[in-house]
Structures are given as C-alpha cells and as structure tokens.
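Participant: The structure under discussion is supplied below as structure tokens; questions concerning it will follow.
The values are calculated or read from the model by the stated rules, or taken from the named source; none is laboratory data. Since we're looking at a predicted model, the values are computed, not measured. Here the Cβ positions follow ideal geometry from the backbone for every residue, glycine too, while neighbour counts run over all protein chains shown. When the accessible area is computed, the model is the full protein with side chains, heavy atoms only, and any ligands, DNA or RNA have been set aside. Shrake-Rupley method; radii C 1.70, N 1.55, O 1.52, S 1.80 Å.
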Amino acid sequence: MSEELSKEIVVHYYDEHVKNKVNDYIVVNPRIEFGWDTIKSFAPTKPTSVLEVGCGMGSISARMHKRWPNAKVTGMDISTSSIQIATKMFGDEKLNFIESILTPATFDEQFDLVIFMDVYEHIAVTDRPDVHAALAKILRNKGRIILTVPTPHNLKWSLINKPETMQPVDEHISFEVIGKLAADTGTEVILYEKKNVWNVGDYAHIVLEKNDDFEAAFFKPKPVTAAQRSKRIMNKAKYKIGSFFRKMYVRSKLG
C-alpha cells in the first residue's frame, strides 16, 4: 500500500461503502451486467481456478461459481466488512473469500482467470509493480486477465461534475498503462473495447492472455478443414486474376 495513502484509510472507505455493493446486488447495476457479459464471452472455456481481485461483497465471484461449479473460485478484497458479507452470503467449499491485497507473496497457486471488476483504477501507481509481479507469477499459461475500468474522460468528467463519487485512489487507465500491464505480466491484449454504460464510451473492457506457446504454435503448420482449403484455393485464383488486370492498369498508366 502506498505510503501516501495508508491502508487504514482505504479499508475504512470501503468498509463504509459496502452497503453500495449490497445495493448493486439487489438492484441491477448496468455497469456490473456489462462486465459480466464480457466475462462470459472471454473467460477460458472451462477454468479450474478463478481469482477475483477486489470482489466486494462477492456477487460476481458467486456468479462465476455457479457458471463453473467444478472450479475453485477465490474472491479477495481489502475491506473487512466486504469479506464478512461475501462469506456469509456465498461462501462454500468451492468459493472462498479472503481479506488481503495482491502481492507476489499472496498466492503460491496459479489461476486460469483473474478478474478486476472496476478495481484496477483503484490501485495506486506505486503499488502496480507488486500487483504486476503477482500476476506474472500466478497466471497459468493460456490464462486470462479481464479488467473493466472507467475511461480517462469518464474520470475527468466525474472529478469536475461528481467529485463526491471519487474514491481514495482513482487512476486514469490509458493505453500506455494497459501496455505496461501486458509487458510486465507476459501477456498480450486480445480485447480493448469501449462500452456505453451510462454515457458514450464511459467504460473500457480489456482482456489479456498469457500464451507461452505462441512462437511454437505460430511456426507450426495448422490443420485446416476441407472448406478452408477450398476457400484458400478460390481466393488464390481470384487474387491471380485481379493481379493480371492490375498489372495491365499499371502498364497503361506508367508505360
């Protein structure tokens, strides 16, 4: 935790605001539903181990537990009250909640999927190296990291027009920040998509994937179906015919 902002201040803030998380569970929050749709679309097919960082009162962890009942799902949060509520409401032998922050020492196990649902922007810049090092350690090959974050212009607008909604840490998550996250964790960005939740382009959904087999897979002949081979042959013929006419056109214009 940053020296400029003590852990006690941050914990107190989220303990005080846990009722908002409970209300989001009771009353449908579009921001959460948008995030859940992205998780369903981009999560590995059958993850065996899932981690949600900043799980709040645990509703998304509970959804993931229901979607993948054979997977071990872990929700973690810095807020004592949030973890207490999450455990009471959803905890069982396959769904565990822990009060902690993510550092390289937090876990010795690896995960197929790591979720940051509107959490990454609340990690101080000075704390990112530890978080990135932890992700590089715990993310299994072919594992994915899914983030939902407010876009920078969303935060700029909120700071001016709704300063009361700002949290103790609210960092702008730019393309450069995501690039640094990918470089530090040995992942590649496979999705960056802006969403219109309440306003145009107010949130971004990002998916990163770790693929240690990329180089070997890239240079290995890939099996194709008969339909794919037929399409390649037809395209090759089409390109060749087009090339003939383009060649004639160039000659007519350039001599």
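Participant: Can you tell me which residues in region 1-29 are open to solvent by less than 50 Å² (accessible area, probe 1.4 Å) and at pLDDT 80 or above?
Facilitator: Correct list: N29 only.
Participant: In this structure, is V50 out of contact with any helix residue (DSSP H, G or I) (no Cβ under 7 Å at 6 or more places or on another chain) and either crowded, with 22+ Cβ neighbours inside 10 Å or of a type in the set (V, I, T) (or both)?
Facilitator: no
Participant: For region 41-85, how many residues are of a type in the set (K, R) and closer than 19 Å to D24 by Cα?
Facilitator: 2
Participant: Can you spot a residue in region 73-93 that is assigned to a helix (DSSP H, G or I), among the hydrophobic types (A, V, I, L, M, F, W, C), open to solvent by 10 Å² or more (accessible area, probe 1.4 Å) and closer than 18 Å to Y13 by Cβ?
Facilitator: yes
Participant: If I filter region 81-97 down to residues being touching a helix residue (DSSP H, G or I) at 6+ places or on another chain (Cβ under 6 Å) and of a type in the set (S, T, N, Q), which single residue comes out as nearest to I39 (Cα to Cα)?
Facilitator: Among residues in region 81-97 that are touching a helix residue (DSSP H, G or I) at 6+ places or on another chain (Cβ under 6 Å) and of a type in the set (S, T, N, Q), the one nearest to I39 (Cα to Cα) is S82.
Participant: Further, regarding this structure: Considering only residues of region 94-106 that are surrounded by fewer than 21 Cβ atoms within 10 Å (Cβ to Cβ) and either polar (S, T, N, Q) or touching a strand residue (DSSP E or B) at 6+ places or on another chain (Cβ under 9 Å) (or both), which is farthest from H132 (Cα to Cα)?
Facilitator: Per the criteria, the residue is K94.
Participant: Against the definition (touching a strand residue (DSSP E or B) at 6+ places or on another chain (Cβ under 7 Å) and open to solvent by 20 Å² or more (accessible area, probe 1.4 Å)), how does V119 come out, yes or no?
Facilitator: So V119 passes the test.
Participant: Further question on the same structure: Considering only helices (runs of 4 or more DSSP H) fully contained in region 167-255, which possess at least 2 residues that are touching a Lys or Arg at 6+ places or on another chain (Cβ under 6 Å) and either open to solvent by 100 Å² or more (accessible area, probe 1.4 Å) or among the polar types (S, T, N, Q) (or both)?
Facilitator: Passing ranges: none, list empty.
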